[in-house]
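Notes follow the structure.
The values are calculated or read from the model by the stated rules, or taken from the named source; none is laboratory data. These numbers were taken from a predicted model, which means no experiment stands behind them. Cβ atoms come from the backbone with ideal geometry, glycine included; neighbour counts cover every protein chain shown. Keep in mind that these areas ignore ligands, DNA and RNA; they rest on the heavy atoms of the full protein, side chains included. Shrake-Rupley method; radii C 1.70, N 1.55, O 1.52, S 1.80 Å.
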Amino acid sequence: MLEANIAGAVGLIPGTGEFRQFTGYFTGAAVQIRDSAQVADLYACGWYGKGIFSRSKPSFAKPDHESFGRDATGSFHVKRPRKQDTTLPPSSFQLLPSADKLDNEESGEITTRLAMPVEYLQLRLEEAFFLMLAYGCLQVLSLDNVQMSVQECWTTFTKSNARFVPLYVAYHYYRANGWVPKSGLKYGSDYVLYSSGPSSVHAQHTVNVCTTDSLEKTEVHPPPTLDNSWKALSYTNRLSEHVAKGLLYCHVIFPPEVVDKMCFDLSLLSKFEVLETSVHRFSLNNIS
């Protein structure tokens with residue numbers, strides 16, 4: 001059965017045993033934490049999410065774009081050709097007072113100094129739902145800025161991502177067993193697993209999540225992949241070996257009570273089961 005005990009704690013308030021509360025904003029594909037204090041606290045409490053400008057920990061220094069840079073005073077600026085329209089910069093930036101506009105006659109450019117943009121913490125849907133269900137420490141506001149219940153989030157997230165259910169079950173399973181799952185997109189997988197956090201160790205495993213209706217179906221070889229072939233299994237395993245990570249297939253087993261995999265009651269979540277398959281490349285040199 002899906003493990004219900006959760007390892008660790010997220011932002012316990014000293015002396016109260018209660019969790020700090022965080023507010024997230026559903027964007028249609030993810031949930032953003034926009035308060036700067038909450039961004040720092042939530043990431044520090046379990047490596048949840050990633051900065052929208054950073055690779056992982058929110059530590060924005062400057063946008064990675066050729067059209068932006070710093071001037072001698074350290075302020076951000078954007079350069080545009082003199083004859084082009086210079087109305088507004090990207091929406092995530094704010095213009096400073098008009099006195100800061102500099103007209104460079106020699107270069108033929110108008111430089112507009114900009115205020116430092118704010119970096120948000122972006123949570124995957126699985127991370128956001130885990131914080132709601134396991135800890136009750138996150139409230140999510142909809143696109144209409146209305147607070148969503150746990151059941152509403154479950155329904156909305158399921159509609160937003162057809163694979164949300166198995167991805168969440170796998171995420172919950174690994175978090176409950178002390179791992180820190182992060183996106184494995186860079187390695188062609190669903191997750192990578194850290195024993196503590198990205199800031200201190202490298203990921204030890206890549207995880208591909210697949211689904212089945214019964215234990216018997218997990219005996220089929222090769223394990224289900226994107227194109228369900230030995231070729232796909234081979235290059236996935238080779239990639240994991242090349243980056244010194246173990247390859248895991250996480251089989252999420254749906255209970256027989258679930259008729260519609262896209263729409264079912266949240267109470268059935270506890271009846272899901274998880275089976276792991278560890279994949280290793282066979283080599284005669286390893287035979288003792």
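Tell me which residues, restricted to region 107-147, are at pLDDT below 95 and of a type in the set (G, A, S).
Hits for region 107-147 are S107, G108, A115, A134, G136, S142.
With (1) out of contact with any strand residue (DSSP E or B) (no Cβ under 7 Å at 6 or more places or on another chain); (2) surrounded by fewer than 15 Cβ atoms within 10 Å (Cβ to Cβ); (3) modelled with pLDDT under 80 as the list, and L215 as the residue in question, which single condition is left unmet?
(1)
Please determine whether any residue of region 188-203 is closer than 23 Å to T23 by Cβ and buried (at least 21 other Cβ atoms within 10 Å of the Cβ).
no
Within region 275-288, which residues are polar (S, T, N, Q) and either without any contact (Cβ under 8 Å) to a residue 24 or more places away in the chain or open to solvent by less than 20 Å² (accessible area, probe 1.4 Å) (or both)?
First, the residues of region 275-288 that are polar (S, T, N, Q): 277-278, 283, 285-286, 288.
Answer for region 275-288, where residues must be polar (S, T, N, Q) and either without any contact (Cβ under 8 Å) to a residue 24 or more places away in the chain or open to solvent by less than 20 Å² (accessible area, probe 1.4 Å) (or both): S283, N285, N286, S288.
Which pairs do you get when a residue that is in contact (Cβ under 8 Å) with a residue 24 or more places away in the chain and among the small types (G, A, S), found in region 134-149, comes within reach of a residue that is part of a strand (DSSP E or B) and open to solvent by less than 30 Å² (accessible area, probe 1.4 Å), reach meaning Cβ atoms under 8 angstrom, with the pair 6+ apart or on two chains?
Short answer, once both residue conditions are applied: S142/F26; S142/M148.
Looking at (1) open to solvent by 40 Å² or more (accessible area, probe 1.4 Å); (2) modelled with pLDDT under 55; (3) out of contact with any Asp or Glu (no Cβ under 9 Å at 6 or more places or on another chain), which is the one condition that is false for V150?
(2)
Could you please tell me which pairs satisfy a Cβ distance under 9 Å, a separation of 6+ or placement on different chains, a first residue in region 8-32 that is on the phi < 0 side of the Ramachandran plot and among the hydrophobic types (A, V, I, L, M, F, W, C), and a second residue that is at pLDDT below 60 and open to solvent by 60 Å² or more (accessible area, probe 1.4 Å)?
Note: pairs meeting the criteria are F19/L12; F19/I13.
Could you give every pair whose Cβ atoms fall below 6 Å, whose first residue belongs to region 178-202 and is in contact (Cβ under 8 Å) with a residue 12 or more places away in the chain and more than 19 Å from N161 (Cβ to Cβ), and whose second residue is aromatic (F, W, Y) and surrounded by fewer than 16 Cβ atoms within 10 Å (Cβ to Cβ), counting only separations of at least 6 or pairs across chains?
Once the first residue is in contact (Cβ under 8 Å) with a residue 12 or more places away in the chain and more than 19 Å from N161 (Cβ to Cβ) and sits in region 178-202, no partner that is aromatic (F, W, Y) and surrounded by fewer than 16 Cβ atoms within 10 Å (Cβ to Cβ) comes close enough.
Being under 26 Å from T236 (Cα atoms) and either assigned to a strand (DSSP E or B) or without any contact (Cβ under 8 Å) to a residue 12 or more places away in the chain (or both) is the filter here; which residues of region 246-274 pass it?
G246, L247, L248, Y249, C250, H251, V252, I253, E273, V274
Given the structure, is A29 of a type in the set (A, V, I, L, M), assigned to a loop (DSSP other than H, G, I, E, B), out of contact with any Asp or Glu (no Cβ under 6 Å at 6 or more places or on another chain) and modelled with pLDDT of 80 or more? Let's see the steps before the verdict.
Working: of a type in the set (A, V, I, L, M): yes; assigned to a loop (DSSP other than H, G, I, E, B): yes; out of contact with any Asp or Glu (no Cβ under 6 Å at 6 or more places or on another chain): yes; modelled with pLDDT of 80 or more: yes.
Yes.
Tell me which of these L12 doesn't satisfy, since it passes every other one: (1) modelled with pLDDT of 80 or more; (2) in contact with a strand residue (DSSP E or B) (Cβ under 7 Å, 6 or more places away or on another chain).
Here L12 clears every test but (1).
Restricting to region 156-172, name every residue that is open to solvent by 50 Å² or more (accessible area, probe 1.4 Å) and under 15 Å from F254 (Cβ atoms).
Residues satisfying the conditions are A162, R163.
State whether one or more residues within region 239-256 are among the acidic types (D, E) and touching a Phe, Trp or Tyr at 6+ places or on another chain (Cβ under 9 Å).
Initial filter on region 239-256 (among the acidic types (D, E)): 241.
After this cut, where a residue has to be touching a Phe, Trp or Tyr at 6+ places or on another chain (Cβ under 9 Å) as well, the list is none.
Within region 239-256, none of the residues are among the acidic types (D, E) and touching a Phe, Trp or Tyr at 6+ places or on another chain (Cβ under 9 Å).
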